[in-house]
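What follows is a set of notes on a single structure, which appears directly below.
Taken together, the values in this text are just the output of simple stated rules run on the coordinates, not laboratory data. This is a predicted model, so every value here is computed, not measured. Positions of Cβ are generated from backbone atoms using ideal geometry, with glycine treated the same way; all protein chains shown enter the neighbour counts.
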Amino acid sequence: MKYLVLLIGDGELKPWSEHTAEEQAAVMERFGAFDAACAERDGVEILAGEALAGPTHATTVRTRGGTVQLTEGPYAEVIEGMGGFYLLEAPDLDVLLDLLRILPPYDMQVTPAVDPS
């Protein structure tokens, strides 16, 4: 099953810009450990994952009555703090939740993708 994992806010981490170079390296090591653990786990594959630019770079696109409206900024306040995402294939939610403990302590939202079959 595919899952989208949204990394929201900094959780227990201080903002990235306040980290020293050593602290940033330590956080990045945890992402590397997560990637390695996913690669080692049967049935788990990272399909995509990226860090995202801040909310000032977001554009919201809405279509109302056939008219497309663009608004600068994120769609909702909760997404203002979204720092990145992973799209993963995993046998089930329990396996994924076990692996997510390896990542830095972000707040996360996990949503399964709809199976088109």
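Over the chain, DSSP H runs of length four or greater, each weighted -39,500 (n - 2.57), average out per residue to a 222 nm ellipticity of -8000 deg cm²/dmol. The label point for Glu12 and the one for Leu87, both projected 7 Å from the Cα toward the Cβ, are 3.1 nm apart.
If N is the number of residues in the chain, what value comes out of its Cα radius of gyration divided by 2.2 N^0.38 Å?
1.21
Given a cut-off of under 8 Å on Cα pairs at least six residues apart, what relative contact order in percent is computed for the chain?
Numbers: 181 pairs, mean separation 58.7, N = 117.
Value for the chain: 50 percent.
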